[in-house]
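Since the structure comes first, as structure tokens, the remarks are kept for the end.
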Amino acid sequence: MQADLQSGKISCTSVLNKTLKTISEKKNLNVFLEVFEASAVEQAKKVDEKIKNKTAGKLAGVIVALKDNICYKGHKVSASSKILEGFESLYSSTVVERLLAQDAIIIGRTNCDEFAMGSSNENSAFGKVLNPLNEKYVPGGSSGGAAASVAADLAHVALGSDTGGSIRQPASFCGVVGFKPTYGRVSRWGLIAYASSFDQIGPITKTVEDAALVMEIIAGADEYDSTASQKPVPSYTNKSGNNGSTGSPTTKYKIAYLKDCIEANGLDPEVKKAVLNKLEEFKKQGHVVEAVDFPYLDFLVPVYYVLTTAEASSNLSRFDGVHYGYRTTKATDLESTYKKSRSEGFGKEVKRRIMLGTFVLSAGYYDAYYAKGQKVRKLLQQKTFDILKQYDFIVTPSTPGTAFEFGKNSADPIKMYLEDIFTVQANIAGVPAISVPCGNHTNGLPMGIQIMANYFEEGKLFEIASKV
Ligand code: GLN
């Protein structure tokens with residue numbers, strides 16, 4: 001598309017108009033909470049001028065959808081929650097600034113699970129998103145709208161956030177590529193926080209190459225986020241060497257796959273077969289593929305939910321009916337303003353997590369849950385790192401099954417939480433991970449393979465992922 005833009009065959013305005021038309025035709029998917037038509041049209045005109053003057057940036061004409069927890073100055077943002085009703089971003093997130101500086105066109109904000117808490121997009125205060133591949137099924141979550149926007153051609157790229165799989169799981173359910181960077185590779189400035197020591201922003205795209213291109217633009221140090229690494233960002237798209245990878249396209253890698261994941265109860269047999277087939281292909285490409293024990297699978301989800309709810313209970317205390325958005329009309333004093341605004345403004349799952357997080361942090365239980373959770377996190381980090389010292393990559397399925405039908409897991413939060421079993425490891429350890437489509441199930445829905453790499457080895461990860 002960019003070649004056609006440069007040659008003048010098409011214009012940003014024409015690409016945008018076509019996309020706006022598709023968005024209105026596919027409104028029933030409930031992907032966008034708001035389309036930023038006015039600012040997108042204006043930006044498209046500006047970029048068309050720049051293309052004529054040969055001053056356009058690397059993302060000229062690329063249409064980007066934002067998950068509704070990423071701030072864009074002068075535009076509304078709600079984290080798909082009633083509690084942020086009417087709130088407009090006072091500044092743009094660093095990722096948005098960087099995309100705009102490269103002449104991307106921000107098309108709108110996409111529906112998600114409230115405060116990014118969920119795995120099916122059923123926790124949004126603004127209704128569910130339908131999976132564009134089969135509307136009876138969930139698109140995954142929490143970045144469900146983001147993944148659906150790319151799958152349904154409503155954007156070229158979407159930015160999501162991934163705390164425990166929220167980029168990779170919906171990408172896998174919608175048949176697209178989802179990338180979670182190393183913790184600290186992308187600035188979180190302007191991302192509405194869920195669990196700050198886990199959250200990362202990352203791209204959802206149709207191809208691995210597109211994800212690499214977006215990453216080299218949004219990654220890097222940021223004076224507004226002290227957890228953003230100072231490490232220089234290599235060119236992830238440069239195939240002829242300096243792409244941040246230690247190898248080259250012909251390098252033979254050592255790939256570990258986690259036996260415990262492949263043999264896990266509840267793993268769909270077709271997903272298992274698809275992943276094993278890919279591993280076989282890697283072998284044929286000359287890579288070493290070996291099974292590795294990881295007898296800690298049962299600890300991943302509990303540790304994730306103890307620590308993320310603790311962080312969430314703290315992060316979400318700022319939504320108090322005074323500082324932001326929604327305020328109850330039924331308050332009689334300050335305390336009831338807090339209580340009623342929060343009771344009316346937050347949805348059920350968010351309240352469950354605030355209470356759980358408050359509980360694990362409370363005086364009598366802190367050591368038993370929060371402090372213990374931190375110790376187990378450290379252990380899981382170490383065990384993951386031990387494998388990555390010996391192997392270049394760790395492979396697992398992205399999810400235990402394909403997209404499920406609406407309502408299937410809603411009555412049982414534990415069942416829903418177990419959807420995250422393969423994705424949370426990367427967030428607990430802080431390592432980068434990608435989900436790439438790896439064929440279709442007999443139910444017609446796509447399946448995904450997940451690859452993890454060591455800290456800051458995104459270049460290498462893109463290289464192997466492009467071979468899936
Ligand atoms: N499904 C996970 C959760 O509900 C992951 C969410 C995320 O990555 N934001 O917490």
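Annotations
- Condition met for Val47 (in a helix (DSSP H, G or I), more than 18 Å from His323 (Cα to Cα) and of a type in the set (Val, Ile, Thr)): yes
- Complete set of residues in region 112-146 that are acidic (Asp, Glu) and either part of a helix (DSSP H, G or I) or farther than 24 Å from Val301 by Cβ (or both): Glu114, Glu135
- Residue in region 362-373 that is touching a helix residue (DSSP H, G or I) at 6+ places or on another chain (Cβ under 7 Å) and within 30 Å of Ile262 (Cβ to Cβ) present: yes
- In region 241-288, the residues that are at pLDDT 95 or above, assigned to a loop (DSSP other than H, G, I, E, B) and charged (D, E, K, R): Asp268
- Residue check for Ala125: within 16 Å of the ligand (Cβ to nearest atom) and surrounded by fewer than 24 Cβ atoms within 10 Å (Cβ to Cβ): yes
- Within region 209-240, the set of residues being within 11 Å of Glu458 (Cβ to Cβ), touching a strand residue (DSSP E or B) at 6+ places or on another chain (Cβ under 9 Å) and part of a helix (DSSP H, G or I) comprises Ala211, Ala212, Met215.
- Total residues in region 328-347, condition part of a helix (DSSP H, G or I) and in contact (Cβ under 8 Å) with a residue 24 or more places away in the chain: 4
- Criterion: within 16 Å of Leu33 (Cα to Cα), more than 16 Å from the ligand (Cβ to nearest atom), touching a residue at least 12 places away in the same chain (Cβ under 8 Å) and surrounded by fewer than 24 Cβ atoms within 10 Å (Cβ to Cβ) - qualifying residue of Leu154, Leu213, Leu130: Leu130
- Region 416-434: number of residues that are more than 12 Å from the ligand (Cβ to nearest atom) and part of a helix (DSSP H, G or I): 2
Table: residues versus (1) assigned to a strand (DSSP E or B); (2) modelled with pLDDT of 95 or more; (3) farther than 27 Å from Pro269 by Cα.
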| residue | (1), (2), (3) |
| --- | --- |
| Lys372 | no, yes, yes |
| Thr384 | no, yes, no |
| Thr396 | yes, yes, no |
| Gly401 | no, yes, no |
| Pro437 | yes, yes, no |
| Met447 | yes, yes, no |
| Gly459 | no, yes, yes |
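- Any hit, region 48-60, residues being surrounded by 23 or more Cβ atoms within 10 Å (Cβ to Cβ) and more than 30 Å from Ser235 (Cβ to Cβ): no
- In the set Gly407, Gly325, only one residue is in contact with a Gly (Cβ under 8 Å, 6 or more places away or on another chain), within 23 Å of Ala79 (Cα to Cα) and not in a helix (DSSP H, G or I); that residue is Gly325.
- Condition check for Thr182: under 16 Å from Cys438 (Cα atoms), more than 9 Å from the ligand (Cβ to nearest atom), polar (S, T, N, Q) and touching a residue at least 40 places away in the same chain (Cβ under 8 Å): no
- When residues of region 164-179 are limited to those that are assigned to a helix (DSSP H, G or I) and more than 9 Å from the chain's Cα centre (by Cα), the one farthest from the ligand (Cβ to nearest atom): Cys174
- Of all the numbered requirements in (1) closer than 15 Å to Met117 by Cβ; (2) within 16 Å of the ligand (Cβ to nearest atom), Pro302 misses one, and that requirement is (1).
- Number of the condition not met by Gly190 [criteria: (1) away from the ligand (no atom under 12 Å from the Cβ); (2) within 12 Å of the chain's Cα centre (by Cα)]: (2)
- The condition of being within 16 Å of the ligand (Cβ to nearest atom) and under 11 Å from the mean Cα position of the chain (by Cα) holds for Ser161.
- Residues being surrounded by fewer than 17 Cβ atoms within 10 Å (Cβ to Cβ), among the polar types (S, T, N, Q) and within 16 Å of the ligand (Cβ to nearest atom) - total across region 307-359: 1
- Flag if Tyr183 is over 28 Å from Gly74 (Cβ atoms) and part of a loop (DSSP other than H, G, I, E, B): yes
The values are calculated or read from the model by the stated rules, or taken from the named source; none is laboratory data. Here the structure is a predicted model, which means the values were calculated and not measured. Cβ atoms come from the backbone with ideal geometry, glycine included; neighbour counts cover every protein chain shown.
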